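Enquirer: What follows is a structure written as structure tokens; I'll ask about it next.
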Amino acid sequence: MAEAPRFNLRNPAVKRIMQEIKEIKQDTSGDLLAEALETDIFEWHFVIRGPRDTEFEGGIYHGRILLPAEYPFKPPSFMMLSPNGRFETQVKICLSISSHHPEHWQPSWSVRTALTALIAFMPSPGAGALGAIDFSKEERRVLAARSRAEPPRFGSAERQRVIEDMHARMLAMEAAQPGPSGSGSGSQQAGPGPQAEPVAAPAPAPAAEAAPASAPSPSADQPAEAQPSPAPAPAPASPAPASAAASAASPAPPAAAAAASPATKPAAAPAPTPTRAAPQPQLRPAQLQPQQQQEAAAAAAAAAAVVGTTGTDHVLTALMWALYVGIGAILLRKVMGVMGVELGDLAEMLQ
């Protein structure tokens with residue numbers, strides 16, 4: 001854009017176009033490319049990809065945009081350069097976003113939003129609109145494949161250079177993003193699929209081998225434990241006959257303990273009840289003492305406030321009298337001044 005300074009940057013249309021040039025360069029969707037000519041920023045060339053899951057999928061379609069001098073208050077004009085089976089080539093397309101319908105155009109729309117709408121319009125029926133054609137799906141698929149083979153031929157050498165450069169950039173973008181194309185990603189996903197299955201197959205095999213290895217180990221431990229377990233069993237059995245009286249006495253103590261346990265339970269039940277009731281009356285006077293102290297402090301503060309108010313009342317009374325005397329003196333002097341009587345003369349008259 002070295003030639004851009006030749007345009008009047010104070011023109012609102014030029015300002016808007018320069019802003020859109022910067023914004024569209026930052027587009028990373030991969031569905032469109034647009035670029036203004038270096039010699040005329042009011043003429044743009046664009047490349048769009050055919051919408052997915054349609055007969056246009058895989059196609060690379062070139063086109064041309066002409067912006068009016070009143071842009072963005074008036075809509076641009078669009079024309080396709082690549083045969084596509086939906087729009088005629090090198091003919092201004094009649095769309096709600098084009099110059100054929102200025103009443104629908106919004107100044108907030110941009111070149112990018114208009115191209116996005118153009119992609120959405122491609123699978124729709126032409127319905128006899130100006131510049132619209134309705135080819136069969138098979139013919140459109142053939143044209144989509146041809147559009148990838150080579151870019152269209154149009155205009156001057158500068159325009160052709162821009163068209164070829166954008167065509168190569170779009171192909172490079174598709175190569176860098178094989179996922180949406182479907183063929184490359186499918187083959188890559190199919191490859192690791194069978195590899196994951198054989199890897200998963202040997203994984204359970206060692207697990208199964210480890211399971212039986214671990215199974216015999218506890219089985220070997222169990223017989224070893226079973227041998228010492230019967231050893232202590234006969235050992236207590238031998239002293240059991242020797243202490244027959246103890247074995248007979250042993251059931252008696254549990255019975256006595258069982259008898260003692262219910263006895264202690266009712267005894268323990270009434271015990272907590274008086275203890276709970278006892279602290280309650282003890283806590284009440286303890287709680288009343290701070291309340292009485294607070295009441296006494298409040299009464300003392302009220303008395304002090306009354307005393308303070310009486311003292312202040314006396315002071316205010318004295319100040320009011322002094323104010324009255326001063327006001328009277330000022331009024332007397334003004335009256336004497338109006339009458340032309342001096343203070344000295346008034347003193348002599350009073351004597």
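Enquirer: For 86, 159, 333, what ranking results if the residue with the fewest other Cβ atoms within 10 Å of its Cβ goes first?
Expert: 333, 159, 86
Enquirer: In straight Cα distance, which aspartates and glutamates are under 14 Å from residue 92, not counting same-chain residues fewer than 8 positions off?
Expert: By straight Cα distance, residue 92 reaches 43.
Enquirer: Which distance in nm do the two modelled labels at residue 333 and residue 130 give, with both placed 7 Å along the Cα-to-Cβ direction?
Expert: 9.7 nm
Enquirer: Whole-Hz Karplus ³J(HN,Hα) for the range 19-32, in order, using 6.51 cos²θ - 1.76 cosθ + 1.60 and θ = phi - 60°, x for Gly and Pro?
Expert: 5, 5, 4, 5, 5, 6, 5, 8, 5, 10, 5, x, 8, 7
Enquirer: Let me ask something else about it. For residue 173 and residue 8, what is the calculated FRET efficiency with R₀ set at 25 Å and r taken between the beta-carbons, to the nearest 0.05?
Expert: FRET efficiency, residue 173 to residue 8: 0.15.
Enquirer: Taking θ as phi - 60°, what are the ³J(HN,Hα) couplings along the range 119-125 by the Karplus curve (6.51, -1.76, 1.60), each to the nearest whole Hz, with x for Gly and Pro?
Expert: 4, 5, 6, 4, x, 6, x
Enquirer: Now for a separate question. Work out the FRET efficiency for residue 106 and residue 37 from their Cβ-Cβ distance, taking R0 = 35 Å, and round it to the nearest 0.05.
Expert: Taking R0 as 35 Å, the efficiency between residue 106 and residue 37 is 0.90.
No value in this document is a laboratory result; all are computed from the given coordinates. Bear in mind the structure is a predicted one, so any value in this text is a computation, not a measurement. As a convention, Cβ positions derive from the backbone with ideal geometry for all residues, glycine included, and neighbour counts pool all protein chains shown.
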